1. Could you check, for region 424-431, whether at least one of its residues is surrounded by 24 or more Cβ atoms within 10 Å (Cβ to Cβ) and under 17 Å from the mean Cα position of the chain (by Cα)?
2. Which one of these does residue 133 not meet: (1) surrounded by 16 or more Cβ atoms within 10 Å (Cβ to Cβ); (2) within 15 Å of the ligand (Cβ to nearest atom)?
3. Return a yes/no flag: does region 163-182 have any residue that is buried (at least 20 other Cβ atoms within 10 Å of the Cβ), in a helix (DSSP H, G or I), under 22 Å from the mean Cα position of the chain (by Cα) and in contact (Cβ under 8 Å) with a residue 60 or more places away in the chain.
4. Please go through region 240-282 and pick out each residue that is part of a helix (DSSP H, G or I), within 16 Å of the ligand (Cβ to nearest atom) and in contact with a strand residue (DSSP E or B) (Cβ under 7 Å, 6 or more places away or on another chain).
5. When region 183-210 is examined, which residues are found to be of a type in the set (Gly, Ala, Ser), touching a residue at least 60 places away in the same chain (Cβ under 8 Å) and in a loop (DSSP other than H, G, I, E, B)?
6. Go through (1) of a type in the set (Gly, Ala, Ser); (2) under 20 Å from residue 102 (Cα atoms); (3) surrounded by fewer than 24 Cβ atoms within 10 Å (Cβ to Cβ) and name the single condition residue 404 misses.
7. Kindly evaluate residue 269 against the criterion of being buried (at least 20 other Cβ atoms within 10 Å of the Cβ), out of contact with any Phe, Trp or Tyr (no Cβ under 7 Å at 6 or more places or on another chain) and modelled with pLDDT of 95 or more.
8. Within the bounds of region 217-233, is there any residue that is outside any strand (DSSP E or B) and away from the ligand (no atom under 16 Å from the Cβ)?
Amino acid sequence: MNVLEKEKGTYTSDVHEYVQHVYETVKQRNPYENEFHQAVKEVLDSLLPVLAKRPQYIRQAILERIVEPERMISFRVPWVDDQGNVQVNRGFRVQFNSALGPYKGGLRFHPSVNTSIIKFLGFEQIFKNALTGQPIGGGKGGSDFDPKGKSDGEIMRFTQSFMSELSKYIGPDTDVPAGDIGVGAKEIGYMFGQYKKMRGRFEAGVLTGKDIAYGGSLARKEATGYGTVYFVEEMLKEKGHSFAGSTVVVSGSGNVSIYAMEKAMHLGAKVVACSDSEGYIYDKRGINLETVKRLKESEKKRISEYVNEHPQAHFFQGCSDIWSVPCDIALPCATQNEIDENAATVLVSNGVKAIGEGANMPSTLEAVNVFHEHGVLFAPAKAANAGGVSVSALEMAQNSARLSWTFEEVDAKLQDIMKTIYRDCIEAAKENDAPGNLVVGANIAGFVKVADAMIAQGVI
Ligand code: NDP
């Protein structure tokens with residue numbers, strides 16, 4: 001390829017062709033994996049300027065290597081339901097890149113989980129983890145098991161079977177899973193117990209998101225939601241805005257959403273809407289977070305029940321229309337591709353000032369273009385939601401040192417990390433001719449750290 005022969009000068013058109021070639025190859029080699037293609041495209045398109053400046057990345061085939069997981073594991077998960085029937089699910093773990101440290105990334109239990117979802121999440125995780133500045137590689141896993149409507153016994157038997165197989169591939173210095181959609185402290189507890197039993201060792205550092213009672217970190221539960229708000233507050237500050245006095249819409253009502261709402265409220269925002277997979281609630285006086293926490297965290301009920309206790313609020317069937325609620329700041333915190341081009345256009349026409357992605361890849365590529373074209377401040381997931389994995393890495397550090405830091409200590413470290421990530425993204429965007437574009441900034445800042453480590457470690 002032409003570009004490989006050039007040492008100096010401008011590479012722009014050749015680099016574009018080369019990147020397009022890598023992307024087409026990814027599509028051919030991984031057919032039907034649309035979410036994975038989308039995540040790869042977003043990253044590759046951002047890298048053009050840095051590839052033009054540093055041809056060693058092309059010579060060393062960093063792109064071709066980085067889009068190929070080091071290992072993709074898929075396995076059978078048989079378990080017995082409460083009626084005595086044998087059920088079979090599929091388990092996954094992608095060990096995508098270990099250039100910076102042991103693979104690190106959550107486990108998702110949701111019926112939509114398949115190879116494409118796991119690979120998109122694992123690919124994103126490589127760059128997110130690099131941005132945190134912590135020594136962690138990228139991985140992700142999960143199952144198409146649906147925890148909704150399952151008894152505690154069923155969840156325990158499923159997670160034990162899942163861990164019986166997964167335990168062969170993980171360890172504190174190998175691969176350290178955590179939670180994600182459908183996997184919280186309860187599921188992590190059952191998995192930890194099974195891992196301990198199979199290994200005959202108490203290796204606290206094998207999983208993060210553990211209960212405080214046996215090696216978890218204070219502020220891990222809050223970390224992703226709080227971190228997203230810390231990041232967005234930095235972004236707002238630069239333009240003279242703030243959460244204080246702003247109207248906010250948050251999708252979802254799970255772990256990330258609840259703590260994003262909590263921190264936004266701490267900073268003086270009014271959160272007027274949130275959702276679950278059935279629909280959304282609108283409370284113009286401001287959502288009562290205690291009610292949401294009780295309904296979703298303790299009682300595992302539907303968000304629609306909120307209106308029984310707060311009759312001034314309204315419930316609307318269908319979660320995607322939540323983006324028609326006028327707001328200054330939108331925080332998508334539920335799932336991938338929940339904001340499409342139409343939803344983005346509606347948000348813009350209602351005057352939204354900023355978007356902060358708490359969920360992974362919640363905006364489609366077209367939606368992101370709409371935000372950029374209209375000058376909406378946009379905080380991309382791999383930077384904005386990196387607080388969760390950052391505190392997971394702090395949990396690993398506490399486990400290694402056999403220490404427990406206070407909530408305030410962990411929260412202060414989280415704030416520092418989110419501010420540093422923001423600054424690194426802004427710098428990388430500026431250096432690469434895309435000032436203010438945090439998508440470009442996050443992708444380049446994360447990529448460069450991983451690519452340099454890959455080169456230093458040789459072709460492996
Ligand atoms: P939870 O399972 O705690 O909550 C997920 C929320 O999103 C629930 O309200 C759920 O509704 C809703 N939801 C899930 N799937 C869909 C769907 N297909 N359509 C509409 N709504 C849906 O998950 P988390 O809060 O942990 O994760 C949310 C997002 O944040 C994910 O994208 C995850 O990858 C990302 N993330 C999470 C981190 C963490 O630390 N937990 C770290 C970084 C990113 P219902 O209750 O009806 O299921």
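1. If we filter region 424-431 for residues that are surrounded by 24 or more Cβ atoms within 10 Å (Cβ to Cβ), which is where we start, we get 425, 428.
The next check asks that each one be under 17 Å from the mean Cα position of the chain (by Cα); those that pass are 425.
Checked against the condition, which is being surrounded by 24 or more Cβ atoms within 10 Å (Cβ to Cβ) and under 17 Å from the mean Cα position of the chain (by Cα), region 424-431 yields at least one hit.
2. So the condition that residue 133 fails would be (2).
3. yes
4. 257, 260, 261, 264
5. If we filter region 183-210 for residues that are of a type in the set (Gly, Ala, Ser), which is where we start, we get 184-185, 189, 193, 200, 204-205, 209.
Now narrow it down to the ones that are touching a residue at least 60 places away in the same chain (Cβ under 8 Å): 184, 204-205, 209.
Answer for region 183-210, where residues must be of a type in the set (Gly, Ala, Ser), touching a residue at least 60 places away in the same chain (Cβ under 8 Å) and in a loop (DSSP other than H, G, I, E, B): 184, 209.
6. Exception for residue 404: condition (2).
7. So residue 269 does not fit the description; no.
8. Yes.
The values are calculated or read from the model by the stated rules, or taken from the named source; none is laboratory data. All of these numbers come straight from a predicted model, not from anything done at the bench. So basically every Cβ, Gly included, is an ideal-geometry build from the backbone, and we count neighbours across all protein chains shown.
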